Structure formats: C-alpha cells, structure tokens
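The values are calculated or read from the model by the stated rules, or taken from the named source; none is laboratory data. Keep in mind it's a predicted model, so treat the numbers as computed, not measured. Please note: Cβ atoms are built from the backbone with ideal geometry, for glycine as well, and neighbour counts cover all protein chains shown. Only protein heavy atoms, including side chains, enter the accessible area calculation; ligands, DNA and RNA are left aside. Shrake-Rupley method; radii C 1.70, N 1.55, O 1.52, S 1.80 Å.
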Amino acid sequence: MKWRHRKKAAAMGMITCLAAGILSGCKEQAEINENGEEVVWLTWYQVGDEQKDDQMVLDAVNDYTFEKIGVKIKIEKIGWSDYSQKMQIMINTNDSWDLCFTSSWTNDYLQNAQKGVYLELDEYLEDEGLEMYEAIDSRFWEAARVGGKIYGIPSEKEIGSCPMWVFTKEYVDKYDIPYEEIHNLEDLEPWLKLIQEKEPDVVPMYLTKDYSAPAYMDKIVDPIGIEYADNTLTVQNLFETEKMMSTLRTMRKYYEAGYINKDAPLASDDKAVKRFVTKGDGHPFAEISWGKDLGYEVVASPIMETQITNESARGALTAINKNSKHPKEAVEFLNLVNTDEYLRNLLNYGIEGVHWSRVPVEGKEAREAEGKPYVYDTKVRLNQEKKQDYSVPYWVQGGLFGTYVLENEPVDKWAVFKEFNDASKAAPSLGFDFNIEPVKAEVADFRSILDEFGKALYTGSVDPDVYVPKLLKKLDAAGVDRVIEEMQRQVDAWKQTKE
C-alpha cells in the first residue's frame, strides 16, 4: 500500500537516541507498528457534544483508516456554545492540531483563511484529494476559495439559504389553509387572524429570541450587505432599505394584534407551546426533522427563492492547520471520509450491528429511484437502545451524499438535495470576500448594537419608526458609513475582476 513506503523517521529517531544513550533527550516517541513503521496520528477538532460510545466508534474507524492509509485519528469535541471561542484560543496560542471544523457561523472560515491559519489545499487537491475534488459540486469549491485559494474541504449538503414558514399540519388541515401559496410576510395575515379567533390556546406566530425577520439581502457584515436582486452590487445598511422597514412595520402590526407571543424577544424555544406558524432555515425534507423534533407533523413553504451566498455555501467545512506536521496524510484522510461509503457511514451512524442495522430497499421505491444519483441499496434502522449513545451532526464530519438515509426517509433523499442545489440561484454577491481589516474596529461594535435592538425590532416588540432611528444613530457613531464605503470600494474592485 502507498503508506507503507513512507520513511521510518520515528523508528530511526528512536534507534539513534538509544545508540547515543540519550533517550531522555527525545521529547516524543511516535507509535511504531509491528513492521517498524510510524503510525501517523491526526487530531481532529469538531463542534458538538461528546457521546458515550465515541471511543468505541473511533477504535473501529482507526482500525479501518490504518489499514487503508496508515493513519489514525484523535477526535476532540467542543460544545456548541464554546467551540468558536476555544478554537480561537488554540489558534492564537499555536496549539498543536491537524484538522478542525470551520464555517461561516462558528470558527470563522473566512477570517481564519485570511489570517493564514489554514493550509492552502490547491496542490493537494490535484493529488491526494483529487477524488473528492471531482466528486463535490464545483460551486462548493468556488465558495471555499479565499483570495483565489482553497483552504477547506466543504461538506456537501444544501448549498443555498432557504428560509421557510413552518406550519403545524393539524391547523392547516383543519381550516384548509393553502400554505403552499403563502410566501411573503404579508400573506400570513388572514390566517393569523383566523387562528387567533378559532384557536385561543394557540399562538398564531410563535417567535423566539433567535428569530430574525426575512431579509432579502446577503448580509456580508451584519447589518451591511447587498440585496439579492441588486445586480449593481450597491452596498447598503439593511435597516435603511425600504424592504426591511416595511417588514418591521408589519411585524409590529402583528405583535400589537396579539398574533405574536409577548415574550418573543426573550423566549427560548418551548416545544410545549402550541403554535400555528414559525420560521425555519429550510432544505428538502426539513419538515421531517422539524416534525420529529416537535413531536407532530409540520408542513412548510419557502419565503423567497433559495439564494447561494458565501455564507450559505460555507455552512460546513473541514480545514487543515497550516502548521500540521502531516498535511498530505490529513488530505488523504479527508479524501477517504468523503469518498469511502463504509467509513462515511461508520462515522455518521456508528457501528453496524451495535448502533444501527440495514434495511434493504426493495420493490416500487427501488425501481422509482433507479438511475438517480446518491441512491444506495440500504437504509438505516437505528437501534433504539443504543442510538442515544452515538449521535453526531451529519455535516460536521463530511458530506451528506455519502450517507445512507434513515428507514423513514425517501431512498432518493440526496438526489432531491442535488436537484435542490442545482436549482438554487446564486446571489449577485456570491464570491465576494470582504477584508475586514481596514474597518475591524468599527465592525467590532456592530454586534452589541444589534443585540441591543435587533431582537425587539425583528419580533415586532417595539415600534420601528421610533427604534430604527435610535439603532441607526448608534451605528453612525460606530462608523457604519466607513464600513459601507470600504466594502463598496472592495466590491467595485472585485466586480472589475469578473468583467
């Protein structure tokens, strides 16, 4: 096998130390296999909660990857709320690690790539990573480019942002509500009124502190960005657009009418609350997972066209430390994760016969799916007694399309995802990366200002005609005009490179 031809550096180093009688001077002794060859260990940091059977699964993973490519891994998990902060501490202190989860929403991919934290992968993707490079949608690779270079391996999943209204099916059926025709915020009004009148125990529009009103804009640095329909690429403040002001006034109207729960700007999602509609970030078959989470069936309709932005296409990647001692092996390992059916499902579901079992795909379903991409001849039945001991987010460790679907899911689920991605529309700003350095001091103040005003404005809890001017005044004091000016300058330069 290819890895067996690697230099036996660690073994030779140990021999040298012994021969010289200075074993105490060797700081580390690498693991050596029975053939005297070094075992390459990679440390992989992931966002997520530790699982009871993590080590059991990892032992099986390492048996397989060692046999395939001579590599073993150590997985370190950091909780969702702590991940970004702890990774930045590790990065700033030059701690030793090889792989890490990175994205547009935690452990910021763009900023780390711009700062030179991650390894440039282009040359490796011509060799060790060629198989996955050819397998993954090219638009994910384009989104992974920063300054023309690729710094992360994208997890192939939904590529676009698709906000949706999520309706409780019980009330849709009971009142024959044409939910598929409901898209913009204003379309909801007659049905919110009906539910309020007919179902006094139901919250017509249930919102939480995490809700953000529909924004028809690529918020490159919240709240600054470019509207989806704007091919002139004019940089704007979201709160100065007519569309957002109209939306906020409608939200206020709904709140005053009693359609929205009064505690919305402070509330965490309470699944015991009966609700008619809420908002979710959608993708194909999202209704299944939402319904499972809530304990009852839901249906959904898109609020707007699915838009591909850098943020959406960078929803999940794995990067390699620029200072990794084993960059080639790290790429080989990620290539295996994203192309090897056995390994991908082992990481995703755990050990077959322990955490899950196979359910064959037969009959009409198999015939109808014949010829479609990403369709497998088996589904997964989770072991009800063991599933709580190993459960990981699909997209943290690799692409979705190499995983088997659950037994209650359509066998062509990933083929439908592929169709969804193919139909998604690229935002005019797709591909533009903002270098925040010239205005980082100004941008640093935006988050606290948005936290102060955003939740109340988005949920309709305060009058936008009173509070948006207060928000804008604070943004002005923070230097928002300088940020808009700098972003527009960079956008104009980027636009010239596309012409």
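Calculated FRET efficiency, K495 to K243, Cβ-Cβ distance, R0 = 30 Å: about 0.85 to the nearest 0.05. When each of the peptides 245-256, 150-161, 328-339 is scored by how many other beta carbons lie within 10 Å of its residues on average, the order from highest to lowest is 150-161, 328-339, 245-256. Per residue, the accessible area of segment 88-193 comes to 44 Å², computed with a 1.4 Å probe over protein heavy atoms only. Counting only Cα atoms, the size of segment 59-162 along its three principal axes is 36, 30, 29 Å, in decreasing order. Cross-link reach is defined here as a Cα-Cα straight distance under 17 Å, omitting same-chain residues fewer than 8 places apart; for K77 the lysines meeting it are K52, K86. Counting only protein heavy atoms and a probe of 1.4 Å, the accessible surface of the chain is 48% carbon and sulfur.
Surface analysis of segment 441-492 yields an accessible area of 48 Å² per residue, using protein heavy atoms and a 1.4 Å probe.
For a paramagnetic label modelled on N62 (point 7 Å from Cα along Cα→Cβ), amide N atoms under 17 Å away are absent within segment 386-427.
So if R0 is 45 Å, what FRET efficiency would E256 and E50 give, r being the distance between their Cβ atoms, rounded to the nearest 0.05? Efficiency, from the Cβ-Cβ distance: 0.50.
Rg and Dmax of segment 412-458, both derived from C-alpha coordinates alone, stand at 18.0, 48 Å. Residue by residue, segment 286-300 carries 3J(HN,Hα) couplings of 4, 4, 5, 6, 4, x, 4, 5, 7, x, 7, 6, 10, 10, 8 Hz when phi is fed to the Karplus relation 6.51 cos²θ - 1.76 cosθ + 1.60 (θ = phi - 60°); x denotes Gly or Pro. Accessible surface for segment 295-369, divided over its residues, is 40 Å² per residue with a 1.4 Å probe. Normalised radius of gyration (Cα atoms, divided by 2.2 N^0.38 Å) for segment 266-336: 1.71. Note the angle between two axes, namely the Cα long axis of helix 9-20 and the longest principal axis of the Cα atoms of the chain, as a number of degrees from 0 to 90, rounded to the nearest 10. Once rounded, one gets 50 degrees. At what distance in angstrom do the alpha carbon centres of segment 430-499 and segment 159-181 lie from each other? What the calculation gives is 32 Å, centre to centre.
Past the 21 Å Cα-Cα mark, which pairs from K149/K425; K271/K292; K174/K364; K149/K328; K169/K198; K169/K209? In this structure, K149/K425; K174/K364; K169/K209 exceed 21 Å between Cα atoms. Label sites at K74 and E170, each approximated as a point 7 angstrom past Cα along Cα to Cβ, lie 5.0 nm apart. Annotation: the antiparallel percentage among DSSP beta bridges lying fully within the chain is about 65. Axis angle, to the nearest 10 degrees, between helix 189-198 and the longest C-alpha principal axis of the chain: 80 degrees. Label separation (D465 vs D269): 3.5 nm, computed from points 7 Å beyond Cα along the C-beta direction.
The simple Förster model, with R0 at 35 Å and r as the Cβ-Cβ distance, assigns D481 and Q85 a FRET efficiency of 0.70. Once the gyration tensor of the Cα atoms in segment 356-499 is diagonalised, the equivalent ellipsoid follows with semi-axes of 47, 23, 15 Å, ordered largest first. Per residue, the convex hull spanned by the Cα atoms of the chain measures out at 178 cubic angstrom. Projected label points at N435 and E189, each 7 Å from Cα along the beta carbon direction, are separated by 4.8 nanometres.
Any chance you could give the angle, 0 to 90 degrees and rounded to 10, that helix 327-339 forms with the longest Cα principal axis of the chain? Long axis of 327-339 versus the principal axis of the chain: about 60 degrees. Size check on segment 279-396: the Cα extents along the three principal axes, sorted descending, read 49, 41, 34 Å.
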